[in-house]
Amino acid sequence: MKYWWVNQNQTAKQEIEGGYMWSPKRNRDNSYNQFYKNMRLVENGNIVFSYYDKRIQQLGIIKRPGFSRIQPSEFGQTGEQWNSDGWLVLVDWQKLTSPISPKKFFHQLKSTLPDKYSPLNKETGDGLQNYLSAVPGPMATIILEKLGITESDIVEMSWKAGDGEDALQQLDAILEQQILNNTEIDETEQDATVKARRGQGRYRKNLLGFEKSCRITGVTDQRLLRASHIKPWRSCANNHERLDGNNGLLLTPHIDHLFDQGYITFNDQGDLLVSSRIDPNQLSRIGISSNPSVNVGTFTSEQKFYLKFHRAEVYLDDNQQKE
């Protein structure tokens with residue numbers, strides 16, 4: 001089990017009510033920030049302690065690792081100093097009946113703080129401006145004991161939290177409605193863009209112009225294939241990207257799921273890349289080899305453009321998250 005600590009003093013209300021965490025991808029000067037990179041390192045079922053107003057007040061269950069999302073509009077002026085391009089992590093927040101102040105038992109926590117990127121000042125125990133920090137196991141054990149939460153409690157909470165698919169669909173539905181309400185887009189374009197979200201209509205027709213089968217399984221029966229966006233529909237910069245046939249692959253449902261979740265991707269030479277977060281034995285059970293020699297053929301230059309985004313911002317490769 002992995003544990004995290006998020007300092008939410010500025011955006012606690014919006015994030016708790018919205019069921020998420022949000023951070024920029026980089027600092028304002030485009031420099032690296034480990035606390036933001038951690039948004040991509042969280043995994044489904046991880047526990048996050050929410051700290052604001054000098055207390056741990058919420059316990060969160062991660063439902064989906066960070067994915068590309070512009071800054072939430074509900075932040076208002078609070079987020080003016082941040083880059084708007086960011087990561088959003090879906091979280092099932094549960095309010096604690098008895099919030100705790102870490103400073104009151106800091107003498108116990110001090111020796112368990114991480115050597116780097118600590119959420120607390122190592123001398124005073126005060127909260128820092130850092131956003132999302134990893135919490136070592138011994139530190140998490142002390143916090144959970146103070147909260148009166150057992151391992152079985154966490155297992156039950158994780159089970160109830162689910163995988164975040166419903167929340168993700170709700171976010172996509174909001175974006176879809178914004179497109180339908182945009183009077184600068186004609187109805188034909190609106191209809192095509194909305195259908196593209198489900199891999200239908202003009203987008204699928206554009207994709208079928210050059211993709212004829214699933215890249216991994218070789219299935220050619222169109223009834224068994226999904227038109228899968230390489231750069232996710234929700235992350236596209238505009239409707240052109242959402243309808244661009246080059247921004248897609250034909251995949252069978254189980255391959256589409258792995259690709260959409262970021263567990264597999266491809267390099268420009270067509271080699272299959274498999275995330276370290278998936279057990280190769282599990283993949284072999286559904287007929288997928290993690291052998292890097294597996295090659296699915298060539299891609300167009302336009303497809304390579306979208307695959308670069310997928311590798312950088314969808315694919316869950318822990319090694320790529322370190323700089």
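Screening the candidates 57, 108 for the property of being over 19 Å from the mean Cα position of the chain (by Cα) and either among the aromatic types (Phe, Trp, Tyr) or in a strand (DSSP E or B) (or both) yields one hit, 57. Only one entry in 3, 32, 20 is surrounded by fewer than 17 Cβ atoms within 10 Å (Cβ to Cβ), closer than 29 Å to residue 263 by Cβ and either among the hydrophobic types (A, V, I, L, M, F, W, C) or in contact (Cβ under 8 Å) with a residue 12 or more places away in the chain (or both), namely 32. Return yes when residue 231 is in contact (Cβ under 8 Å) with a residue 24 or more places away in the chain, of a type in the set (D, E, K, R) and within 22 Å of residue 311 (Cα to Cα) and no when it is not. Yes: the conditions hold for residue 231. Residues of segment 157-179 include at least one that is of a type in the set (Val, Ile, Thr), out of contact with any Ser or Thr (no Cβ under 6 Å at 6 or more places or on another chain) and either free of Cβ contacts under 8 Å to residues at least 24 places away in the same chain or part of a loop (DSSP other than H, G, I, E, B) (or both). For segment 205-232, a tally of residues being assigned to a helix (DSSP H, G or I) and surrounded by fewer than 20 Cβ atoms within 10 Å (Cβ to Cβ) returns 6.
Of everything in segment 62-85 that's more than 18 Å from residue 19 (Cβ to Cβ) and among the acidic types (Asp, Glu), which residue is surrounded by the most Cβ atoms within 10 Å (Cβ to Cβ)? Here the answer is 85. Which condition number does residue 306 fail, the rest of (1) closer than 30 Å to residue 194 by Cβ; (2) at pLDDT below 90 being met? It fails just one condition, (2). Which one is nearest to residue 85 (Cα to Cα), of the residues in segment 210-243 that are over 23 Å from the mean Cα position of the chain (by Cα) and of a type in the set (Asp, Glu)? Restricting to residues being over 23 Å from the mean Cα position of the chain (by Cα) and of a type in the set (Asp, Glu), the top hit is 211.
Residue 104 - would you say it is within 19 Å of residue 37 (Cα to Cα) and surrounded by fewer than 15 Cβ atoms within 10 Å (Cβ to Cβ)? No, not satisfied. For segment 36-89, name all the residues that are of a type in the set (Asp, Glu) and closer than 23 Å to residue 101 by Cα. Scanning segment 36-89 gives a single hit, 53. Screening residue 51 with (1) surrounded by fewer than 18 Cβ atoms within 10 Å (Cβ to Cβ); (2) outside any loop (DSSP other than H, G, I, E, B); (3) of a type in the set (Ser, Thr, Tyr) gives one miss only, at (1). Would you check if there is a residue in segment 239-253 being surrounded by fewer than 17 Cβ atoms within 10 Å (Cβ to Cβ) and on the phi > 0 side of the Ramachandran plot? Among the residues of segment 239-253, not one is surrounded by fewer than 17 Cβ atoms within 10 Å (Cβ to Cβ) and on the phi > 0 side of the Ramachandran plot, which makes the answer no. Of all the criteria given as (1) under 19 Å from residue 114 (Cα atoms); (2) outside any strand (DSSP E or B); (3) of a type outside the set (Lys, Arg), the one not satisfied by residue 76 is (1). For segment 233-244, a residue qualifies if it is under 15 Å from residue 70 (Cα atoms) and part of a loop (DSSP other than H, G, I, E, B), and the qualifying residues are 236, 237, 238. Quick one: would you say residue 282 is surrounded by fewer than 20 Cβ atoms within 10 Å (Cβ to Cβ), in contact (Cβ under 8 Å) with a residue 12 or more places away in the chain and in the same structural domain as residue 315 (by TED's automatic domain parsing)? So residue 282 fails the test.
The values are calculated or read from the model by the stated rules, or taken from the named source; none is laboratory data. Being a predicted model, the structure only gives us computed values, none of them experimental. With ideal geometry, Cβ positions are generated from the backbone for all residues, glycine too; neighbour counts draw on all protein chains shown.
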